[in-house]
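The values are calculated or read from the model by the stated rules, or taken from the named source; none is laboratory data. Not measured: the values here are computed from a predicted model. Positions of Cβ are backbone-derived with ideal geometry, glycine not excepted, and every protein chain shown enters the neighbour counts. Ligands, DNA and RNA are excluded from the accessible area calculation, which covers all protein heavy atoms including side chains. Shrake-Rupley method; radii C 1.70, N 1.55, O 1.52, S 1.80 Å.
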Amino acid sequence: MQRPEAWPRPHPGEGAAAAQVGGPAPPAQAGEPSGLRLQEPSLYTIKAVFILDNDGRRLLAKYYDDTFPSMKEQIVFEKNVFNKTSRTDSEIAFFGGMTIVYKNSIDLFLYVVGSSYENELMLMAVLTCLFESLNHMLRKNVEKRWLLENMDGAFLVLDEIVDGGVILESDPQQVIQKVNFRADDGGLTEQSVTQVLQSAKEQIKWSLLK
């Protein structure tokens with residue numbers, strides 16, 4: 001199936017990218033502190049997406065780089081993020097050098113993680129698309145019980161929005177159409193079922209090691 005083009009980077013002057021107005025930065029001068037260098041643009045916008053229950057336990061997660069290479073590091077990170085965000089009314093947090101946007105729905109917390117220099121509007125577009133797509137798929141019951149019963153579909157939704165850290169789609173209607181197309185195509189959930197089973201095995205392993 002042909003993938004849509006990756007979601008474009010923001011035009012200079014928009015949101016967090018405003019600091020880049022004027023084109024590429026000149027070469028670093030001798031003795032110039034490295035912290036003053038501007039970050040090169042990248043298509044790899046998303047570092048992680050995860051959904052936790054209202055106790056901070058993982059229900060669904062995908063990481064797109066090696067910032068947290070092990071399951072143990074990921075779980076610790078998710079717990080720390082949950083503790084920082086679960087009792088606030090904000091929709092954005094800065095934690096551990098990362099920008100995190102999040103949304104609470106009944107007994108779920110949805111998170112999208114990007115780097116510290118990422119445009120918050122782009123991260124929020126991914127979060128909104130994820131929520132609205134799940135809201136449609138779960139018939140407006142975006143809560144733990146229904147998510148667990150439709151986990152394969154939730155993985156498909158996420159895969160249509162982000163692939164390898166690159167934003168593919170931000171329109172929930174397009175996401176649902178693609179998911180339905182794949183569902184009608186038969187034999188489509190093999191990869192998603194494998195992901196669910198692998199995630200479950202990893203969580204059981206981590207629970208036994210605690």
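Being in a helix (DSSP H, G or I), at pLDDT 95 or above and not aromatic (Phe, Trp, Tyr) narrows it down to one residue among Leu197, Leu208, Leu127; which is it?
Just a single option satisfies the conditions, and that option is Leu127.
Determine, yes or no, whether Glu169 is open to solvent by less than 50 Å² (accessible area, probe 1.4 Å) and outside any helix (DSSP H, G or I).
Numbers: open to solvent by less than 50 Å² (accessible area, probe 1.4 Å): yes; outside any helix (DSSP H, G or I): yes.
In short, yes.
Could you please find all residues in region 57-111 being assigned to a helix (DSSP H, G or I) and among the aliphatic types (A, V, I, L, M)? Give the derivation first.
In the first step, residues of region 57-111 are kept if they are assigned to a helix (DSSP H, G or I); the result is 71-85.
Met71, Ile75, Val76, Val81 - these are the residues of region 57-111 that are assigned to a helix (DSSP H, G or I) and among the aliphatic types (A, V, I, L, M).
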Quick check on my filter: what residues within region 153-172 are out of contact with any strand residue (DSSP E or B) (no Cβ under 9 Å at 6 or more places or on another chain), within 13 Å of Asn135 (Cα to Cα) and small (Gly, Ala, Ser)?
Gly153
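Given the criteria in contact with an Asp or Glu (Cβ under 8 Å, 6 or more places away or on another chain), open to solvent by 30 Å² or more (accessible area, probe 1.4 Å) and within 22 Å of Asp53 (Cβ to Cβ), does Ile161 qualify? First the steps, then the outcome.
On the way: in contact with an Asp or Glu (Cβ under 8 Å, 6 or more places away or on another chain): yes; open to solvent by 30 Å² or more (accessible area, probe 1.4 Å): no; within 22 Å of Asp53 (Cβ to Cβ): yes.
For Ile161, the condition - in contact with an Asp or Glu (Cβ under 8 Å, 6 or more places away or on another chain), open to solvent by 30 Å² or more (accessible area, probe 1.4 Å) and within 22 Å of Asp53 (Cβ to Cβ) - is not met.
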When every residue in region 68-93 that is at pLDDT 95 or above and hydroxyl-bearing (Ser, Thr, Tyr) is compared, the one surrounded by the most Cβ atoms within 10 Å (Cβ to Cβ) is Thr85
What is the residue count in region 119-150 for residues that are open to solvent by less than 20 Å² (accessible area, probe 1.4 Å), touching a residue at least 60 places away in the same chain (Cβ under 8 Å) and over 19 Å from Glu78 (Cα atoms)?
2
Restricting region 130-141 to residues that are modelled with pLDDT of 95 or more and hydrophobic (A, V, I, L, M, F, W, C), the residue that is farthest from the chain's Cα centre (by Cα)
Leu134
Within region 94-113, the residues that are more than 13 Å from Leu130 (Cβ to Cβ), modelled with pLDDT of 95 or more and open to solvent by less than 80 Å² (accessible area, probe 1.4 Å) are Met98, Thr99, Ile100, Asp107
Kindly check whether there is at least one residue in region 47-54 that is over 16 Å from the mean Cα position of the chain (by Cα), assigned to a loop (DSSP other than H, G, I, E, B) and either in contact (Cβ under 8 Å) with a residue 40 or more places away in the chain or under 24 Å from Gln174 (Cα atoms) (or both).
yes
